[in-house]
Amino acid sequence: MRDRRKRTLYGVLGMLAMITVLALVFAGVHLAARALYGLIGWQPPLLLGEVLNSLLGILLFFGLMTTIMVLFRSKRLREQMQIIAPILEALQAIARGNFDVQIEHDYRGHEVELFSELVTGVNSMAQQLKQMEAMRQEFISNVSHEIQSPLTSIRGFAQALQNEQLNTSERAHYLAIIETESMRLSKLSDNLLSLAALDAATIQLDCKAFRLDKQIRGLILACEPQWSAKELEMTLTADEVLFNGDENLLSQVWGNLLHNAIKFTPDGGTICVTLQPCTQGVEFRIVDSGIGIAPEDQERLFERFFKADRARNRALGGSGLGLAIAKQVIELHYGTINAESTLGTGTTFTVWLPTTAAA
């Protein structure tokens, strides 16, 4: 409202200024014409004099106004170019891959509001691109590290196998390590391909109705050698749930959560799995008595390659991609996944899926 009143006031003052200039021009023309007629000794008829004076006044007025507008536009153009130049320089830097740009500005007034919004947009875009570039660099670094570690083991033990003095037991041990590291590389490759497909949204959900409780029960039985070897107490409480979703993708979610619980629960611990219908959906929960997760790590738990305890995770294996994949699969089904944990006590993962997720 204030800007509208200001623009109206400026318009009225502009009109008054033009009328004043016009009156002064006509008065000046009449005085100059009278003096000129006196010098040349000629006095035109009254009507002809008025017409000549009016034409001269109009020509002079428009000439004066045109000159003022040209000068004003030239000055305004220079001012606008001073505003646009930093924006163009910033866009050129971004195009070259330099995202560390920030345009300083202090634009005021309604005439430069558009430029102010444009500068804010460019600064925001540069900041987001800078964050994305940092994430890309970190992702490449993590992938390189995860690939280099098993390759180093494979190369080292392959060279050791060339020693003819090794006995049969030692050879079998080295071959087992090479096989394990090869499987680790294969798993990493599969996870990276899954993430790439999820990011590119090229995965089409193969939705169909299936018994979610039977799927989870089957995965727990498939993991029995792992949890039995650690003498873990595994319990399952599952209501009969018929769910419409992608059975294969959801199998990866439950498998990742189960393997993590088994991996990080000490010998003799407990793992409790529950599945039950809830408000407008179904809830899956897995509670373990494992090592837990520090509070400062819980916020980054679903980031790619993030490991809450890198030294301990390196000893236990894993690439840090499982939970990132799980989160994306759950979100594809319009669900949610979250974790609650106390360091040294255990961790609880809760998954909620809407019953209409894939309808």
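Structure notes:
- Restricting region 98-125 to residues that are of a type in the set (S, T, N, Q) and surrounded by 15 or more Cβ atoms within 10 Å (Cβ to Cβ), the residue that is modelled with the highest pLDDT is Asn123.
- Extreme residue, least open to solvent (accessible area, probe 1.4 Å), among residues of region 231-268 that are small (Gly, Ala, Ser) and without any contact (Cβ under 8 Å) to a residue 60 or more places away in the chain: Gly255
- Qualifying residue in region 211-229 (condition: open to solvent by less than 70 Å² (accessible area, probe 1.4 Å), at pLDDT below 90 and in a loop (DSSP other than H, G, I, E, B)): yes
- Qualifying residue in region 258-280 (condition: part of a loop (DSSP other than H, G, I, E, B), within 16 Å of Gly335 (Cβ to Cβ) and of a type in the set (Ser, Thr, Tyr)): yes
- Counted residues, region 177-203 - those being surrounded by 15 or more Cβ atoms within 10 Å (Cβ to Cβ) and at pLDDT 85 or above: 2
- Candidates Val282, Val241, Val287, filtered to the one that is over 24 Å from Ala196 (Cα atoms), touching a Cys at 6+ places or on another chain (Cβ under 6 Å) and modelled with pLDDT of 85 or more: Val287
- Listed conditions (1) touching an Asp or Glu at 6+ places or on another chain (Cβ under 7 Å); (2) modelled with pLDDT of 75 or more are all met by Tyr174, apart from (1).
- Given (1) modelled with pLDDT of 70 or more; (2) open to solvent by less than 80 Å² (accessible area, probe 1.4 Å), number of the condition Arg155 does not satisfy: (2)
- Residue tally, condition closer than 15 Å to Pro277 by Cβ and of a type in the set (A, V, I, L, M), over region 210-226: 2
The values are calculated or read from the model by the stated rules, or taken from the named source; none is laboratory data. Here the structure is a predicted model, which is why all the values come from computation and not from measurement. Cβ coordinates were reconstructed from backbone atoms using ideal geometry, including for glycine residues, and neighbour counts include every protein chain displayed. Just the protein is used for accessible areas: all its heavy atoms, side chains included, with ligands, DNA and RNA removed. Shrake-Rupley method; radii C 1.70, N 1.55, O 1.52, S 1.80 Å.
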